[in-house]
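Each reported figure results from applying straightforward, stated rules to the coordinates on display, with no laboratory input. Model, not experiment: these values are computed from the prediction. Here the Cβ positions follow ideal geometry from the backbone for every residue, glycine too, while neighbour counts run over all protein chains shown.
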């Protein structure tokens, strides 16, 4: 039966509320970028990027308010900053290794070095997350996921230095942590402090890694032309589009199996992961997050 006029109004009102949540998040991210101007140059960190990030997070967890999503939005923005520095600004592996060491030291409690805006932003995230009751018990998970992300980004940088020896498709997909999706989910879950979520964090992290692989490939389908311009790796450089699409279908089916039991045990977190898949599948059909460089 078609939706009634009243149903349409109700659905549109809810979508409007979520868009308002995203608009507020965008303003906050713009303020963060203004506070760290060296870390977030106007190109490619434009208003559209801030809006896209805030919109993705708002539609992923529409039951939250801005205070609950602020640190999640900011964690995504920090990941974009690292990605830019490693992928496009770093000139040597030593430079990337030093960046990694600085970030892990901040997560261990050190103060960022003078002039280290990436470390300063990370310390700000750390201090805000530390105000929550779940931080002490789960901070090691954030550190480990951050270490994994930094290692994945460094690995991709290494691959790009040898375009005649690109990785195989499976090796590339196993490096999906360079998308920095699971690490943001860890921040979101620690900050939210939902007991059911934290009680099933191991299973949720496994499911999140599966979602991360899906988003890696969905992202690649949507950003192929830009990746060619920017000299970035993309799954379509390794295998035909049909193979990528088939693998996405398989991964989505596997993710459904992982999320099905979690939906009964920790429904909020399971729904959050399911909505990440759905939102990204629609979003990347016509655009992506980055602004123009």
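Side notes on the structure shown:
- Ranked by the mean number of other Cβ atoms within 10 Å per residue, highest first, peptides 150-157, 247-254, 11-18 order as 150-157, 247-254, 11-18.
- Computed over the range 69-283: relative contact order in percent, which uses C-alpha pairs under 8 Å that are six or more apart: 21 percent
- Rh by Kirkwood over Cα pairs, then Stokes-Einstein D for the range 72-126 at 0.890 mPa s and 25 °C, µm²/s: 215 µm²/s
- In the distance distribution for the range 20-167, Cα-Cα pairs more than 19 Å apart total 56 percent.
- Value in Å of the Kirkwood radius, where the range 1-104 supplies the Cα pairs that are averaged: 15.5 Å
- Label-to-label distance for residue 7 and residue 170 is 4.6 nm, based on points extended 7 Å past Cα in the beta-carbon direction.
- Kirkwood Rh in Å, taken over the chain so that all alpha-carbon pairs contribute: 19.7 Å
- Taking the fewest neighbouring Cβ atoms within 10 Å as the starting point, the ordered list for 191, 88 is 88, 191.
- Choice from 25, 79, 132 showing the highest fluctuation, given a GNM over the chain with Cα pairs closer than 10 Å: 132
- Sorted on the mean count of surrounding Cβ atoms within 10 Å across their residues, most packed first, peptides 53-63, 115-125, 89-99, 159-169 read 53-63, 115-125, 89-99, 159-169.
- Alpha-carbon geometry of the range 165-293: the Rg and the Dmax are 15.3, 46 Å, given in that order.
- Whole-angstrom Cα spans of the range 143-208 along principal axes, big to small: 49, 19, 13
- Binned Cα-Cα distances of the range 117-172, short to long, each 10 Å bin given as a whole percent: 20, 35, 23, 18, 4
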